[in-house]
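Undergrad: One structure is given below, represented as C-alpha cells, and several questions about it will come after.
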Amino acid sequence: MNGHTHNTDDRRELQMARSMCWHCQSEMAGEYFCDRCVKVQPVSKDLDYFTCFGLPRRLAIDTKVLEAKFYELSRAFHPDFYQNKSNEERSISLGNSAMLNTAYRTLRDPIQRAEYLLDLEAGAVKDIRTSPPADLFEEILELQETLDEFRESDRSSEHASTLRAKLHTDRTNLEERQRDMEARLQQLFVRWDALQDRGEATEQARTERTLILKDMRDILSNRTYVKNIVNDLVATIA
Amino acid sequence: MAYSEKVVDHFNNPRNMGSFKKEEDGVGTGIVGAPECGDVMKLQIKVQNDTIVDAKFKTFGCGSAIASSSLATEWLKGKTVEEAGKIKNTDIVQELNLPPVKIHCSVLAEDAIKAALADYQKKTDSK
C-alpha cells in the first residue's frame, strides 16, 4: 500500500505545513503533537477520517491497522491524561477524543465507510444524486398496505393466513435482493479501490470514477429503503 | 430529543391520511423518498378549476415525516396550483419546530408537493 497513499500524504503535508502550534507558535511538523513544546494539537475540522487514521481513501481497509491506530490515538488524546493540564489542553483532548470516536465508528463499518466516502467525494462529482427509484417506491407502498391490512385483520381468520403467507414470500424475495445488492456493492468497492490504486488522472478514469460513485449511491439508498421494509415485515409477521 | 407538541399532535391525529385513485380526473400523485433514512411519502392532490379541493397522504417513516406531510395536506387544501408551488420546507420547519436533524423530513414534504403538482400538470397537458 504505497503508491496510492501518495495523494493523501500530500494533502496532509499541506495541511500541516500551514498550521502553527497554538501554544508556542512554531510551525507544526508533528502529527498531533507539537515537536517543540509537545503540546497536543486540535485535529483540524478539514481533516477527513481516512487521513486522520493515516489510511488511504479506499473501501477495503485493514481493520487491524485501523484498530491499532484508534487505540494509539485514544490513549494519546484521552481526557484522563489531561486532568492536570491547562484549560486549552483539556478542551482539545475532549474535542479530539469525540472526533476520534466518531471517525472510528464510521470507518469500522463497511457501509458507513462507503457512505462517508460518498459524502467526501460528492463535492468533486457533480450530480451524484440520481433519479429516485419510482418502481421501488410503488412496491414499498403496496407492501405497506398489505402490512396494514394484515395488522387490522383477525389473526385467526383464513384471510390473515393468506396475507401472512404472501408477506412471508415477499420477505424472502426482499432478503434475496438485499444479498444481491450487498454483492454488487462489494464489486463496486473493488473497482473503486483498483481505480484509486492506479491513480490515473485521465478523462476515462474520471468518467469511471463518477460512474462507480453514482452506482454506489443508487445501491446504498435502495438498500436503505429495502432494509426499512424488511424490518417492518419481520416485526409484523414474526 | 423530544418532538414538539405540534409534531405529536399531527402524529397522533394525522389529517387527510389515505389516497385517491391515481387515474381519477384532476388527481396529481407524488411519491418521494429520503435515501438518508429510507422514509417513503406519497402525497396526492385533487384539483378542480385550478384550485386544490382535497389532498391526501400516506407516509411510512418517522414522526416528523408523518407530521410534515400531514401539515402539507392541510395547507394545500383551498390553495390554487400556483400558490401550492410556493410552499417551502422552511415554512414547515417553522410551523412544526423541527430540529436540525429532522429538516430532511420537511424537504421530503416539499418534494412530494412538487412531484404531485408536476404529475397533475403532466396529466392536464397531455389532454
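Undergrad: Failed condition for B:ALA34, given (1) closer than 18 Å to A:LEU143 by Cβ; (2) touching a Lys or Arg at 6+ places or on another chain (Cβ under 9 Å), with all others met?
TA: So B:ALA34 meets the others, but not (2).
Undergrad: Additional query: Being within 14 Å of another protein chain (Cβ to nearest Cβ) and in contact (Cβ under 8 Å) with a residue 60 or more places away in the chain is the filter; apply it to region A:229-238 and report the residue that is most open to solvent (accessible area, probe 1.4 Å).
TA: Per the stated criteria, the residue is A:ASP232.
Undergrad: If B:ALA84 meets every condition in (1) small (Gly, Ala, Ser); (2) closer than 26 Å to A:VAL226 by Cβ; (3) touching a helix residue (DSSP H, G or I) at 6+ places or on another chain (Cβ under 6 Å) apart from one, which number is that one?
TA: (2)
Undergrad: Out of all the residues in region A:61-75, is one or more among the basic types (Lys, Arg) and touching a residue at least 24 places away in the same chain (Cβ under 8 Å)?
TA: There is no residue in region A:61-75 that is among the basic types (Lys, Arg) and touching a residue at least 24 places away in the same chain (Cβ under 8 Å).
Undergrad: Shifting gears a bit: Within region A:142-162, is even one residue open to solvent by 80 Å² or more (accessible area, probe 1.4 Å), without any contact (Cβ under 8 Å) to a residue 12 or more places away in the chain and aliphatic (A, V, I, L, M)?
TA: no
Undergrad: Return yes or no: is A:ALA122 within 14 Å of chain B (Cβ to nearest Cβ), under 14 Å from A:ASP215 (Cα atoms) and surrounded by 15 or more Cβ atoms within 10 Å (Cβ to Cβ)?
TA: Taking the combined requirement at face value, the residue does not satisfy it.
Undergrad: Another question, if that's okay. Any idea which of A:ARG177, A:ARG209, A:ARG171 is more than 27 Å from B:LYS58 (Cα to Cα) and assigned to a helix (DSSP H, G or I)?
TA: Residue meeting the stated conditions: A:ARG209.
Undergrad: Please specify each residue of region A:195-217 satisfying the condition of being within 22 Å of the chain's Cα centre (by Cα), open to solvent by less than 40 Å² (accessible area, probe 1.4 Å) and more than 25 Å from B:GLU36 (Cβ to Cβ).
TA: Matches in region A:195-217: A:LEU195 only.
Undergrad: Just to be sure before I move on: is B:GLU95 open to solvent by 60 Å² or more (accessible area, probe 1.4 Å), away from chain A (no Cβ under 14 Å), out of contact with any Cys (no Cβ under 6 Å at 6 or more places or on another chain) and touching a residue at least 40 places away in the same chain (Cβ under 8 Å) in the structure I sent?
TA: Against the criterion (open to solvent by 60 Å² or more (accessible area, probe 1.4 Å), away from chain A (no Cβ under 14 Å), out of contact with any Cys (no Cβ under 6 Å at 6 or more places or on another chain) and touching a residue at least 40 places away in the same chain (Cβ under 8 Å)), B:GLU95 qualifies.
Undergrad: Can you name every one of the strands (runs of 3 or more DSSP E) wholly within region B:16-81 that holds 1 or more residues which are open to solvent by 20 Å² or more (accessible area, probe 1.4 Å) and over 17 Å from B:CYS105 (Cα atoms)?
TA: Answer list for region B:16-81: B:39-48, B:51-60.
Undergrad: Quick one: A:PHE70 ticks every box in (1) farther than 18 Å from A:CYS21 by Cα; (2) hydrophobic (A, V, I, L, M, F, W, C); (3) at pLDDT below 95 except a single one, so which number is it?
TA: (3)
Undergrad: Could you check A:GLN41 against (1) open to solvent by less than 80 Å² (accessible area, probe 1.4 Å); (2) over 23 Å from A:CYS21 (Cα atoms) and say which number it fails?
TA: Condition not satisfied by A:GLN41: (2).
Undergrad: Going by what's in this entry, would A:ASP154 be described as part of a helix (DSSP H, G or I) and not assigned by TED's automatic domain parsing to the domain that holds A:ARG57?
TA: So A:ASP154 does not fit the description; no.
Undergrad: Name the residue, out of B:VAL53, B:VAL32, that is modelled with pLDDT of 90 or more and either farther than 23 Å from B:GLU83 by Cβ or away from chain A (no Cβ under 12 Å) (or both). Show your work before the answer.
TA: Numbers: B:VAL32 fails: either farther than 23 Å from B:GLU83 by Cβ or away from chain A (no Cβ under 12 Å) (or both).
Only one candidate passes the filter, namely B:VAL53.
Undergrad: Of all residues in region A:95-134 being among the basic types (Lys, Arg) and at pLDDT below 85, which is farthest from A:VAL226 (Cα to Cα)?
TA: The selected residue is A:LYS126.
Undergrad: Still on this structure, I have one more. Could we say that A:LEU185 is open to solvent by less than 10 Å² (accessible area, probe 1.4 Å) and either within 14 Å of chain B (Cβ to nearest Cβ) or of a type in the set (Ser, Thr, Tyr) (or both) here? Steps first, please.
TA: Values: open to solvent by less than 10 Å² (accessible area, probe 1.4 Å): yes; either within 14 Å of chain B (Cβ to nearest Cβ) or of a type in the set (Ser, Thr, Tyr) (or both): no.
Criteria not met by A:LEU185.
Undergrad: Scanning region A:44-67 for residues that are in a loop (DSSP other than H, G, I, E, B) and open to solvent by 70 Å² or more (accessible area, probe 1.4 Å), which turns out modelled with the highest pLDDT? Give the steps one after another, and end with the answer.
TA: Here is the first cut: in region A:44-67, the residues in a loop (DSSP other than H, G, I, E, B) are A:44-48, A:53-62.
From what's left, open to solvent by 70 Å² or more (accessible area, probe 1.4 Å): A:45-46, A:62.
On the way: A:LYS45: 77, A:ASP46: 79, A:ASP62: 92.
If we take residues in region A:44-67 being in a loop (DSSP other than H, G, I, E, B) and open to solvent by 70 Å² or more (accessible area, probe 1.4 Å), then A:ASP62 is modelled with the highest pLDDT.
Undergrad: So, one more: Does any residue in region A:188-212 that is in the same structural domain as A:LEU55 (by TED's automatic domain parsing) come within less than 8 Å, Cβ to Cβ, of a residue that is surrounded by fewer than 12 Cβ atoms within 10 Å (Cβ to Cβ) six or more places away or on a different chain, and which pairs are these?
TA: none
The values are calculated or read from the model by the stated rules, or taken from the named source; none is laboratory data. None of these values were measured; they are calculated from a predicted model. Positions of Cβ are backbone-derived with ideal geometry, glycine not excepted, and every protein chain shown enters the neighbour counts. In case anyone asks, the SASA skips ligands and DNA or RNA and just uses the protein heavy atoms, side chains included. Shrake-Rupley method; radii C 1.70, N 1.55, O 1.52, S 1.80 Å.
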